[in-house]
Each structure stands twice: as C-alpha cells, then as structure tokens.
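**Student:** This is the structure, below, for whatever I ask next.
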Amino acid sequence: MSVVRLLVLGAIRRRGRAHGYRVRADLEAWGAHEWSSATSGSVYHALRSMTEQGLLRAHETTPSEAGGPPRIEYELTPDGDQLYTRLLRDALSSRDPRLDLLAAAVGLIDDLPRAEAVDLLRERATAMEQWRNSITTHLPPDVDLDTWGPVGAVIDLWLHTADSRTTWTTRLIDRLEQGAFQMADDNSPAARATDRPSTSDQAH
C-alpha cells in the first residue's frame with residue numbers, strides 16, 4: 001500500500017482542487033516529509049501517475065502575471081475518491097507495522113464517520129491480538145526469552161510492539177467514543193477543516 005498515494009489523495013480531497021505546490025506544502029505542514037516518503041519528487045510523481053490512471057483530473061489554471069506557465073490543479077475523480085476511501089479504511093484496520101502508513105491514516109481519520117472509524121480500529125486491535133497469539137502459540141510455557149540470545153530479543157521486540165500498539169489503538173478508540181475530533185458525520189466539511197491545525201500552528 002502506498003502511503004504517498006493516500007496522503008496526496010487526502011490532501012487534494014480536503015481542498016477540492018489543488019496544484020502540486022499546494023499539495024506538497026500541505027503535507028509538509030503536517031510533517032509528512034519527516035515521517036513518510038512523501039518528498040517533493042514522490043508527490044509530483046504520484047500526481048502524474050494517478051492522473052494517467054484516471055484517479056485524478058487535471059485542470060490548467062490561468063498563467064501567472066509574471067509570464068510563467070499555467071499551473072495544473074488536480075481534483076479526485078470518482079475512481080480516485082473510491083481508492084482514497086479504500087486505502088484509508090485498509091490502513092486503519094490493518095495490523096501493518098509500518099508507522100508511516102498508520103500515521104497517514106490517523107491524520108486523515110476525520111474523513112470517516114465516527115462509528116466506522118471506531119469499527120476499523122477495533123478490527124486493527126483484534127488483528128494485533130491475533131498476531132500476538134500467533135507469536136506466543138509456539139513458545140514453551142514460562143519461557144525466559146532472555147536466555148534465548150538474539151532470537152529471544154527478536155521475539156521480545158515483536159511482543160512489545162504488539163502490546164504497545166494494541167494499547168495505543170485502544171486508547172484512540174476510547175477517545176473517539178468520547179467525542180474526540182470532528183468526524184465526517186459530525187458537521188460540514190468546512191466546519192471540520194477548522195479543527196485541523198493551521199500551517200503556522202503546526203510549524204511551532
């Protein structure tokens with residue numbers, strides 16, 4: 001699953017229409033260039049490839065007064081919107097250990113209705129529990145992983161990862177159930193946009 005595609009589609013969807021520089025600036029304002037592969041080059045590559053694939057529609061805007069070429073603005077096609085929603089749902093419900101993908105999905109979670117977001121996160125928590133059980137099933141009872149050398153350290157790493165991410169997911173579920181965030185079914189998209197920190201807020 002491409003984290004860049006998810007981020008780019010999400011950024012454009014929130015704007016309605018946006019040119020490449022605005023998409024890149026929005027993602028940088030969210031800090032995505034620090035924790036994901038959404039660099040300038042990858043963003044522009046995603047814009048071109050998704051336009052060719054019919055996921056984005058390109059519009060030429062008025063040339064600048066300085067004489068530069070017209071900027072191209074992008075908007076999601078129905079196929080692009082469908083892909084965005086699928087990527088978002090899959091990223092939230094999966095136990096995929098990639099933190100960049102999870103961070104992107106959580107950053108865009110308010111594009112979903114509250115109940116759906118909670119259900120997807122519950123799927124994730126269940127998948128994490130099943131993954132943990134699959135690790136421990138083959139371990140001897142009362143095993144001391146410290147005596148297993150490097151292999152024991154690896155197993156301990158995965159158990160710690162499963163436990164910590166399940167705890168984090170459960171906490172986010174609790175926050176959503178208590179009314180955290182302005183979700184898609186709470187009020188209008190324009191009102192929800194005010195709940196997201198501005199570029200200047202996120203830069204400090």
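The values are calculated or read from the model by the stated rules, or taken from the named source; none is laboratory data. Given the structure is predicted, the values throughout are model-derived calculations rather than measurements. A quick note on method: Cβ atoms are made from the backbone with ideal geometry, for glycine too, and the neighbour counts reach across all protein chains shown.
**Student:** So, R122, is that one modelled with pLDDT under 95 and surrounded by 13 or more Cβ atoms within 10 Å (Cβ to Cβ) or not?
**Tutor:** No, not satisfied.
**Student:** Go through region 4-28 residue by residue and tally those that are among the small types (G, A, S) and either out of contact with any helix residue (DSSP H, G or I) (no Cβ under 7 Å at 6 or more places or on another chain) or more than 23 Å from R89 (Cα to Cα) (or both).
**Tutor:** Looking only at that region, the number is 4.
**Student:** If I filter region 171-204 down to residues being part of a helix (DSSP H, G or I) and surrounded by 14 or more Cβ atoms within 10 Å (Cβ to Cβ), which single residue comes out as modelled with the lowest pLDDT?
**Tutor:** R192
**Student:** If the Cβ limit is 9 Å and pairs must be 6+ apart or interchain, which residue in region 31-55 that is at positive phi pairs with which residue that is surrounded by 15 or more Cβ atoms within 10 Å (Cβ to Cβ) and among the hydroxyl-bearing types (S, T, Y)?
**Tutor:** Cβ pairs passing all conditions: G54/T77.
**Student:** Hey, L88 hits all of (1) surrounded by 13 or more Cβ atoms within 10 Å (Cβ to Cβ); (2) in a loop (DSSP other than H, G, I, E, B); (3) at pLDDT 95 or above but one; which does it fall short on?
**Tutor:** (2)
**Student:** Quick one: which helices (runs of 4 or more DSSP H) lie wholly within region 11-55 and hold at least 2 residues that are buried (at least 19 other Cβ atoms within 10 Å of the Cβ) and touching a strand residue (DSSP E or B) at 6+ places or on another chain (Cβ under 9 Å)?
**Tutor:** Fully inside region 11-55 and qualifying: 20-29, 40-52.
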